[in-house]
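As structure tokens, the structure follows; a few thoughts come after it.
The values are calculated or read from the model by the stated rules, or taken from the named source; none is laboratory data. As the structure is a prediction and not an experimental result, all values here were calculated from the model. Here the Cβ is made from the backbone with ideal geometry for all residues, glycine too, and neighbour counts use every protein chain on show.
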Amino acid sequence: MQVTGTVLTTRRVDAYHALTVVAPGIAERYRPGHFVSVAVGGPHTSMVTRRALSIHDVKADYGGTVELVFTTRGPGTAWLAERRARDTLDLVGPLGRPFPLPRDPAHCVLVGSEYGSAVLFPLADALLARGCRVDFVLGGAGAERVFGAMRARRMATTTTLTTEDGSLGLRGKVTDALPSVIADTRADVVYACAPMETLRSVTAVAMEFDIPVQAAVEESMACGIGVCMTCVLPVIGDDGATRMVRACVEGPVFRGERVRFEDVGTIPFDALGAPGGGARHVS
Amino acid sequence: MSVDMRTFLAHVELANPITTAAGCASSGQELSQFFDLHRLGALTTRSITMAPRAGRPTPRMAETPSGMLNAVGLQGPGIEAFLERELPWLAQRGIKTIVSIGGGTVAEYSELARRLADAPGVTALEVNLSCPNMEDRGRVFAREGSAAAEVIASVRSIMRYDVPVVAKLAPDVADIVAVARACVDAGADALSMINNPLGMAIDTEALRPSLAAVTGGLSGPAILPLAVRCVWQVHAALPGVPLIGVGGVMSGQDAFQLVLAGACAVGVGTALFHDPYACLRIERELEDLLRARGFQRLADAVGLAHRPPGSAPRHLLVDTEESTP
């Protein structure tokens, strides 16, 4: 649904921006893993595509608020970063398929890199409410780019932090720390949200331990509602066939082992409808 | 007082002139969660191809000033799945559907027309002659009148007489009027213009083209003036041919420009990416604009900007005559 939300508060979280927006309709329907798309640049903008943003927090105040987390990467997110309390935002959401939750209490490792970690916190709340054990592995390039370390420490049984420059926690990537965390916590499932390369390695680690991994991908999108066909990636379906599926409506959460991470950015030759692949029906 | 928004695409009546542009509404089901698709004049499907197509690699999209580039490459399920799932879904709901088709050869277009000829629920057939994303770069039919005419003549001879065949034209041509005339002579009942002109953007960080396919179709408000020019020129040359004006329509005022230039229907594309409710908003804004200018019928505004300088708008003349008994 589309909501014109009012910005309630803005804040910096480490190196990132967070906007809390009053959006009752979205807050009500939200489940962890959902995202929203935001129109940027105001009513007469020259920016025609929406920005997909992850939801970091949902609260019941003021009829329902959502907190959106993003980093400034271009003129659109720079405009968003300039929003102040009482400005209005055009939001569409909640969008996408949320994280599936285990039926019975399970040991869950939540892996996040950079601001991808933001979506893991409402997920952790939901898991904890179901009696799951939650352990975090959060990373980033430097200390200020590790999102939500403090909050993770308060929520989780253990929190492992990694930075590539060694300024916080272990030096290295989240996937360097992940195997020992999975082993120590006897994890049943891994949840991850990170750039494609990291998700690929996280999935490889989880597959080594033979446990499922739910990966939320960060693809660039123009519409967020499934009509523009620009956010596709190769995913193996139940029938074993690879299809170019839309991250916005079929995702953003996928079973990691189903995503052909090594082929992202290409059309695999055996994908359904790949050029030269399969029979053409031209008479 | 409400304005009569009905319009005719050849002999097919549409409740209002606003349609979705081909490739911008996917299968229709995605938009139906936002609004009732019956409120569209018609829904235009993505271009259906014979075989399923995986499309182009990503990145497929790049935002540009007042627009965007796309190189999706006609990703779609192919005609089998379309006839099995997508078209029946639309037909069962009675949604007016313009089916867009795309092919690499005249034979492929003809085969698509054959498969669609007996399918229930096809309000009109739009022949995508001009998709700049097609892999087969040697055959962009819309660039040459004779190639376009060959496709249209074949498709027209196969489709049932009561299903209008619409030729979708590209703006990347030396003389769009010549291509339009060739299509009409070959039997096109209506014309749709414009498809995306080709564009390109370069990522200055990566020092490479922004799109994996290098070039892509430019859409959005940046191309509205191009669409208005094409509709104007074709309407001036072929005033009797119904035109669907498409290209960068973001508001009722944009749609009104195309109507005044000669379009009897208006396609909304990129605006849907920005605002899922764009079609309804644009229809409402267009109706308000017509009412504010004293129009009782949309049809009175079609091509009105072509009237000679100094002459009063037709619809106002009619009004005064009727009010002086």
Subject >> Sole residue being of a type in the set (Asp, Glu), within 29 Å of residue B:33 (Cβ to Cβ) and assigned by the TED database to the domain that holds residue A:28, chosen from A:125, A:90 >> reply: A:90
**OP:** Would you check if residue B:87 is farther than 21 Å from residue B:249 by Cβ and either surrounded by fewer than 18 Cβ atoms within 10 Å (Cβ to Cβ) or within 12 Å of another protein chain (Cβ to nearest Cβ) (or both)?
**Re:** no
Original post:
When residues of region A:48-76 are filtered for being buried (at least 17 other Cβ atoms within 10 Å of the Cβ) and under 17 Å from the mean Cα position of the chain (by Cα), how many remain?
Top reply: 14
Original post:
Based on what the data block shows, is residue B:36 touching a helix residue (DSSP H, G or I) at 6+ places or on another chain (Cβ under 8 Å) and at negative phi?
Top reply: no
Subject >> One residue from A:129, A:81 being surrounded by fewer than 15 Cβ atoms within 10 Å (Cβ to Cβ), modelled with pLDDT of 90 or more and either within 14 Å of chain B (Cβ to nearest Cβ) or out of contact with any Asp or Glu (no Cβ under 9 Å at 6 or more places or on another chain) (or both) >> reply: A:129
Original post:
touching a helix residue (DSSP H, G or I) at 6+ places or on another chain (Cβ under 7 Å) and surrounded by 23 or more Cβ atoms within 10 Å (Cβ to Cβ), is that true of residue A:170?
Top reply: no
**OP:** Identify, by number, the condition in (1) out of contact with any Ser or Thr (no Cβ under 9 Å at 6 or more places or on another chain); (2) in a helix (DSSP H, G or I) that residue B:31 doesn't meet.
**Re:** (1)
**OP:** Would you be able to say whether some residue in region A:205-217 is within 14 Å of chain B (Cβ to nearest Cβ), assigned to a loop (DSSP other than H, G, I, E, B), in contact with a Pro (Cβ under 9 Å, 6 or more places away or on another chain) and on the phi < 0 side of the Ramachandran plot?
**Re:** yes
**OP:** Taking residue B:94 as the residue in question, decide whether it is at pLDDT below 95 and more than 8 Å from every other protein chain (Cβ to nearest Cβ).
**Re:** yes
**OP:** Kindly list the number of the only condition in (1) surrounded by fewer than 20 Cβ atoms within 10 Å (Cβ to Cβ); (2) within 18 Å of residue B:7 (Cβ to Cβ) that fails for residue B:237.
**Re:** (2)
**OP:** May I ask you to list the residues in region B:36-68 that are among the hydrophobic types (A, V, I, L, M, F, W, C), part of a strand (DSSP E or B) and within 11 Å of chain A (Cβ to nearest Cβ)?
**Re:** B:61, B:62, B:68
Original post:
Can you tell me how many residues in region B:224-271 are in contact with a helix residue (DSSP H, G or I) (Cβ under 8 Å, 6 or more places away or on another chain) and under 18 Å from residue B:125 (Cα atoms)?
Top reply: 8
**OP:** Could you list all residues from region A:238-250 that are away from chain B (no Cβ under 13 Å) and in contact with a strand residue (DSSP E or B) (Cβ under 7 Å, 6 or more places away or on another chain)?
**Re:** none
**OP:** Evaluate region A:111-124: report whether one residue or more is at negative phi and of a type in the set (Asp, Glu).
**Re:** no
Subject >> strands (runs of 3 or more DSSP E) wholly inside region B:69-185 containing at least 1 residues that are among the charged types (D, E, K, R) >> reply: B:124-128, B:165-169
Subject >> Identity of the residue in region A:251-268, more than 10 Å from every other protein chain (Cβ to nearest Cβ) and outside any strand (DSSP E or B), that ends up farthest from residue A:206 (Cα to Cα) >> reply: A:251
Subject >> Members of region B:6-35 that are under 19 Å from residue B:101 (Cα atoms), within 12 Å of another protein chain (Cβ to nearest Cβ) and buried (at least 21 other Cβ atoms within 10 Å of the Cβ) >> reply: B:20, B:21, B:22, B:23, B:24, B:25, B:26, B:27, B:28
